[in-house]
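A short worksheet on the structure shown next.
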There are 4 protein chains.
Amino acid sequence: MAAVPSSELDAFYADVDRADLRPLWTQTGLLPASPPIADVPYVWRWSRVRELAARAGRLVTVDRGGDRRVLALANPGLGGEPYATRTLWAAVQYLGPGEFAPAHRHTPAAIRFVLEGHGVWTLVDRDPVPMAPGDLVLTPSWCWHEHHSSGDGPMLWFDGLDLPMARALDAVFFEPGPSSTVDRLVDPVSASEVAHGRAGLADDERPWRRTHSPLLAYRWSDTDAYLRDAVGRSDSGHAAVRFTDPSTGRDAVPTMRCTAHRALPGVRCPSRRRAGSSVWVTYEGAAYAVVDGVRFELGRNDMLAVPSWAAFDVEAIEPTTFFTISDAPVLEALGLARNEVLPAHQDVTSDETPVAATGSV
Amino acid sequence: MAAVPSSELDAFYADVDRADLRPLWTQTGLLPASPPIADVPYVWRWSRVRELAARAGRLVTVDRGGDRRVLALANPGLGGEPYATRTLWAAVQYLGPGEFAPAHRHTPAAIRFVLEGHGVWTLVDRDPVPMAPGDLVLTPSWCWHEHHSSGDGPMLWFDGLDLPMARALDAVFFEPGPSSTVDRLVDPVSASEVAHGRAGLADDERPWRRTHSPLLAYRWSDTDAYLRDAVGRSDSGHAAVRFTDPSTGRDAVPTMRCTAHRALPGVRCPSRRRAGSSVWVTYEGAAYAVVDGVRFELGRNDMLAVPSWAAFDVEAIEPTTFFTISDAPVLEALGLARNEVLPAHQDVTSDETPVAATGSV
Amino acid sequence: MAAVPSSELDAFYADVDRADLRPLWTQTGLLPASPPIADVPYVWRWSRVRELAARAGRLVTVDRGGDRRVLALANPGLGGEPYATRTLWAAVQYLGPGEFAPAHRHTPAAIRFVLEGHGVWTLVDRDPVPMAPGDLVLTPSWCWHEHHSSGDGPMLWFDGLDLPMARALDAVFFEPGPSSTVDRLVDPVSASEVAHGRAGLADDERPWRRTHSPLLAYRWSDTDAYLRDAVGRSDSGHAAVRFTDPSTGRDAVPTMRCTAHRALPGVRCPSRRRAGSSVWVTYEGAAYAVVDGVRFELGRNDMLAVPSWAAFDVEAIEPTTFFTISDAPVLEALGLARNEVLPAHQDVTSDETPVAATGSV
Amino acid sequence: MAAVPSSELDAFYADVDRADLRPLWTQTGLLPASPPIADVPYVWRWSRVRELAARAGRLVTVDRGGDRRVLALANPGLGGEPYATRTLWAAVQYLGPGEFAPAHRHTPAAIRFVLEGHGVWTLVDRDPVPMAPGDLVLTPSWCWHEHHSSGDGPMLWFDGLDLPMARALDAVFFEPGPSSTVDRLVDPVSASEVAHGRAGLADDERPWRRTHSPLLAYRWSDTDAYLRDAVGRSDSGHAAVRFTDPSTGRDAVPTMRCTAHRALPGVRCPSRRRAGSSVWVTYEGAAYAVVDGVRFELGRNDMLAVPSWAAFDVEAIEPTTFFTISDAPVLEALGLARNEVLPAHQDVTSDETPVAATGSV
């Protein structure tokens, strides 16, 4: 092909642009060898987050707070967007004693993992679900939910939502609830636990047929016992439990995988990476995590963002339990899942340093 | 709660910001009543696109073109991004006589719908798939593919990819292929058609077990006959066929629904809207489409973007066949599907005007 | 058609017979309006069965007993075959203190429902499963199993097997186990309960992929609590729980549905019938059952056979709990399920009379 | 245990018997190492069957014939029952020119494989399905069906039903149809073929949701072409196609697997056996089959019964096409499937001899 005069090319590109077209060959980076990751591995320290949440509790009423008093983790790599990773919203919610957060519903699914406090319950589609530390509570897509405190201290919990994915699909809908008064006498278990909380027992005549779990609460006592037993029977010093829909065995909600991990000190696993991101909450203990060569020290309730395709491993300093959310079921459903176990655990090339700076005032 | 001094609030917000947190209550629009749609209903005219593709054929070699000579539809609402809608890449690819586009593979799945030309075949994981007008050809996620012309004129086809979704999930991987020479003698049917192209007939001993269709080509003669029969037996003057995986009945690829519609003149259906977007290619005939009250006139090979939750209906001027792609299987898999039939067809509030401007030079 | 001489017909039929053919038109009853039922509604009284089982315990060693000391319920309608209904084997097994029944495995699946006794465990594929009254224990198809008593009294349990179905399919295989000594120290829970016995909690990395439940024991305390809660929340005075595979939500074994029912006095439900048979064990309480118009009085541990398509209802005399097995999942899997709720409860046309005769010696 | 006086044992067994119980330990053969097979490998010769079917055509009207003029294959091992194997009904149906077999429906599913003749169609739930040699036509469970001849010669077809299984489950229901006149003008294709007969094309708005295939006819031209292509691409000289539900990929009916096999001369495969039985129809060619060491020579339309767990292989004498039915999907659904490839093909220990006797008059 003879050389094309640049003026002719310029005219061509101008016309293409005016026609609302884009040449593929001028779009660099559209199809990179591996995903171009904007979000960064990052830790939010509980001491700092908790202090700010408590200040919010004093300064901002729930009413003022757009229904909810929530501080979202904003990954520094995402240009100010309130997302912990590219696909996951993660946040800490603070409900003061006697407060309540009014009813609403939305298509993004939410999960709550309780970090501290007592005396709170969430009303999910008229089912009152008590909350206590270590409990996982679901408010699936488009279910009505409101939070009530009858306690004498604050409760703080971790919120995980599929909001970035729902937004990327232009599928976010929201509806505010009625502001009616709700009876504050609550059963110690939710109706969902009565009907679905015993393994293998299901209603013989009315099968559950929705895309999310019929069980709305996964109690810490069960999770803790599962992990204790599983670590005890394992050779590896590590165990992981997945929170599933007991009516199908699939993930509790179709957009987020929830798991809990327990690791004993002295074991460092081979490093892994997977397409898709996750957020790790250090519910108990202390550990090192190494992400793409950077070592982070994690203490109680510290929260770590792990971007897509980042090499990742953990080593416990003391017996440690993590709660995690990830986008794994989405990638699996779409045929995009990809996992890799690296030949060995990765080298540590640096320790996390920005923490002090972040924490200083 | 007593009034909080604004200085105290200011200090609080500054600290929150420094801690890489975002208060939910200052984030307006995160959870809107219905999805905030950036992309706009829009038509790309074939006359304009074809002329520019032909100019690209003269000016730009495939080599120069990053493996492919492709003009992507860029929705004017998306700030310059090369996406037809929020979730869908759509484009026109031009392969000149005797050209070839070298082998590569990527995790985004692609579908091709041939608009004009002859003598081209796509090699998909070593299976040569001939292409002719009206054919739908799949290059599913992570399958090797390359395009070869042995024809004496250009071929132009419509490309649909799930690229925006794969990017939103940080799950794009790409690998260039070897540059080896390929035998150019091609069967008139692909091996996939031999093994899977007869309804209900499957290998008795080696079941197919992948997430995409084993059938790589859906021939226009079949699609056309299906639509002719279905319209003939219908009372509504309208019929729609879905391209499915014959080994499961599910969508041909897990991320995109492909359909073809045929409408007879004189029928205007009630308007519908659904969460999720689509792109409509007017393969045959002429029709009006009304999207959120704006009326577009569509001729042969014109391409229309329909954003999420837009009210949409069509009325054929002459017998018209559309080929479409949408993100429907993704929203269904994630529990986010939502459809609404409006009480009647919508009022036309205006006719599309920007076309002339766009087309003028 | 002219009349055919009977001699010609006779010759024809003789030739057909010699050719190992059968004319359809001489086979009366092959395709009846509803299934021709041979088995009859029938009750086996616990007082009688228990007494005979205890005598067997004195007279017959387990060794002599073909591995197992089992008395099978033989429906009087089945011509002496040892089946409770056309499709279900049901029996009472008796294991004396300190006895053990050696290891074997077979393709028919078995379920055990414990009626009385303590101190027994079943080893299923090396997992020791303790047994106590009201527990349901599975020994699925082709799993090794052996029973051990470390108690000081006998245990009696109800056995349910799909044996008639497996035989009708010519699919019965059997293998005797090694006669090695087994360690008699047993955990209070089975490994299956540790891994699968907490609702919604599953191993994150090793999903279960077999056709039967990974959970081998369903404990009476859970079943009882489920039924108590469900009856308490019901308006009907009746509740039923299905024992399911917690990894899929399907029946615990693919060939038998296991359920438990609780009924409060004073409620008589509309009568129902279904294609396929069932066996009902009156675990607690006392009730009337009416089957095809015949009324049976049921006391503790009495066992009732309900044939296919028999009209059936129960009325509790005192709070009553039934354990049941049926062939429902088989009929559902094969597209043969059929259920009918009759307009009202059926008339009682007679009371069961043969009981006294049966019980007399 | 001290020796038990035989009088005491005798009294015990008498009491057990009176109580309608059966001791397991006196039931020999209930759980054999492998299934006790009653049915025998057996061939029905077409020459003989066809001659008798033609005589039936002259002697017996369809009315007289209980709706259908059918000669069922009666396996000599089954004590006179009209079943080809333990689980399968197989038969030859004869419809004379101008005859019709009136409408009825039944829960046993039936398949028809046409052996000779023209001009017949079957009306299935109001859809007229033309029949021609080599076609497979379904009349699934509980679908209305009637057969009509508008030809000038007889048609003979092979009938396969799951009747023994449906009877073993006490799930046979039957309903005679109305005797109304049916319009005899028939489309050359059935509506099911229009809607479901093109691979991968399905209605976009009305998905099929039943347990059997929506496609009622699988045409010989397709089957033949599939086998020709598959054998041509195979190294083994053998190919097999399964007839599947195009909406799910599962078997066309849930109770029977239908396949066609083609074998070229000179190849003898390793022998196999499987739990469950099958019937093989030699549609084209000539071959030897060896079943449990007995060699059978098979010619056009000869029909062979293969019992459960029999060692089986074939060797073609000339290019040969078999049509087969089996109970495989039932055993798979119930977790009872078992297959074994023997180390090599089996020795021939004898040739079939009873044929001459059977054929002689």
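Each value in this text was obtained by applying a stated rule to the coordinates, not by laboratory testing. Values in this document were obtained by computation on a predicted structure and should not be read as measured data. Using ideal geometry, Cβ is built from the backbone for each residue, glycine included, and neighbour counts are taken over all protein chains shown.
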**Fill in**
Connecting every pair of Cα atoms under 10 Å apart in chain D and solving the GNM, the largest mean-square fluctuation among D:LEU136, D:LEU304, D:LEU52 falls on D:LEU52
**Request:** Just rank B:ILE37, C:ILE111, fewest to most, by other beta-carbon atoms within 10 angstrom.
**Result:** B:ILE37, C:ILE111
**Residues B:ALA286 and A:VAL4, FRET efficiency given R0 of 41 Å [Cβ-Cβ distance, rounded to 0.05]** = 0.70
**Asked** Could you give the distance between the Cα centres of the range C:215-260 and the range A:4-31, to the whole Å?
**Response** 65
**Asked** Semi-axes, largest first, in whole Å: what does sqrt of 5 times each Cα gyration tensor eigenvalue give for the protein assembly as shown?
**Response** 57, 47, 29
**Request:** Shielding by partners for C:308-316, please: the mean number of other protein chain Cβ atoms within 10 Å of each residue's Cβ.
**Result:** 1
**Item:** Per-pair calculated FRET efficiency, R0 = 45 Å: B:ARG268 and B:SER150 via Cβ, rounded to 0.05
**Value:** 0.55
**Message:** Can you tell me which of A:ASP351, A:ASP302, A:ASP170 moves the most in a GNM of chain A? Springs connect C-alpha atoms under 10 Å apart.
**Reply:** A:ASP170
**Item:** Residue-averaged [θ]222 nm for chain C, counting only DSSP H segments that reach four residues, each worth -39500 (n - 2.57)
**Value:** -5000 deg cm²/dmol
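Please identify every one of the trypsin sites (Lys or Arg not before Pro) in the range A:209-278 that sits in a loop by DSSP and has no more than 10 other beta carbons within 10 Å of its own beta carbon.
The qualifying sites are A:ARG209.
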**Message:** Whole-Hz ³J(HN,Hα) for each residue in the range A:6-17, computed from phi via Karplus 6.51 cos²θ - 1.76 cosθ + 1.60 with θ = phi - 60°, x for glycine and proline: what do you get?
**Reply:** 5, 5, 5, 5, 4, 4, 4, 5, 5, 5, 4, 5
**Request:** List the residues whose amide H sits under 5 Å from the amide H of A:SER150, counting only those 5 or more places along or on another chain, with H placed 1.01 Å from N in the peptide plane.
**Result:** A:GLY98, A:VAL120, A:TRP121
**Prompt:** Label-to-label distances across copies for A:SER6, with labels 7 Å out along Cα→Cβ, in nm, shortest first?
**Reply:** 5.4, 11.1, 11.6
**Prompt:** Given H placed 1.01 Å from N in the peptide plane, which residues other than close sequence neighbours of D:ARG295 have an amide H under 5 Å from its amide H?
**Reply:** D:THR349, D:SER350, D:ASP351, D:GLU352
**Asked** For chain B, what is the relative contact order in percent, using Cα pairs closer than 8 Å and at least 6 residues apart in sequence?
**Response** 15
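Once R0 is set to 30 Å, what does the formula 1/(1 + (r/R0)^6) return for the Cβ-Cβ distance between D:GLU297 and D:LEU342, expressed as a FRET efficiency to the nearest 0.05?
Efficiency, rounded to the nearest 0.05: 0.90.
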**Prompt:** Using +1 on the beta carbon of Lys and Arg, -1 on that of Asp and Glu, and nothing else charged, what's the dipole of the protein assembly as shown about the Cα centre, debye to 20?
**Reply:** 0
**Message:** Along the Cα→Cβ direction, 7 angstrom out, place labels at C:ALA54 and B:ARG209. What is the inter-label distance in nm?
**Reply:** 5.4
**Request:** Among A:PRO329, A:SER150, A:PRO254, flag the residue with its Cα farthest along the positive direction of the charge dipole of chain A, charges on Cβ as +1 for Lys/Arg and -1 for Asp/Glu.
**Result:** A:SER150
**Complete:** Residues whose modelled amide H sits under 5 Å from the amide H of C:GLN346, counting only those 5 or more places away in sequence or on another chain, are C:SER271
**Prompt:** Stokes-Einstein at 20 °C, 1.002 mPa s, Kirkwood radius from Cα pairs: D for the range C:264-361 in µm² s⁻¹?
**Reply:** 152
**Item:** the range D:223-294 shape via C-alpha gyration tensor axes, a/c threshold 1.5
**Value:** oblate
**Message:** Could you tell me how many cubic angstrom of Cα convex hull volume chain C has per residue?
**Reply:** 208
**Message:** Could you tell me how far the Cα centroid of the range A:48-90 sits from the Cα centroid of the range C:57-113, in Å?
**Reply:** 64
**Complete:** Per 10 angstrom bin, beginning at 0 and ending with the bin that holds the maximum distance, the Cα pairs of the range A:124-262 fall in percents of 10, 35, 37, 17, 2, 0
**Fill in**
Per-residue Cβ contact counts at 10 Å, fewest first, order C:ASP327, B:ASP127, D:ASP10 as D:ASP10, B:ASP127, C:ASP327
**Asked** Can you pull the mean other chain C-beta count within 10 Å for peptide C:26-32?
**Response** 6
**Message:** Can you work out the Karplus-derived ³J(HN,Hα) for every residue in the range C:71-82? Use 6.51 cos²θ - 1.76 cosθ + 1.60 with θ = phi - 60°, whole Hz, and x for glycine or proline.
**Reply:** 10, 8, 6, 10, 5, x, x, 9, x, x, 5, x
**Fill in**
Counting other chain Cβ atoms within 10 Å of each Cβ in C:100-106 and taking the mean gives 1
**Asked** ³J(HN,Hα) across the range C:268-282 via Karplus (A = 6.51, B = -1.76, C = 1.60, θ = phi - 60°), whole Hz, x for Gly/Pro?
**Response** 10, 6, x, 7, 10, 9, 9, 5, x, 10, 8, 10, 10, 10, 7
**Label spacing, shortest first and in nm, from C:ARG58 to its equivalents in the remaining copies (7 angstrom along Cα→Cβ)** = 7.4, 8.3, 11.0
**Request:** Check the axis relating chain B to chain D and name the residue of B whose C-beta is nearest, distance in whole Å.
**Result:** B:ALA199, 2
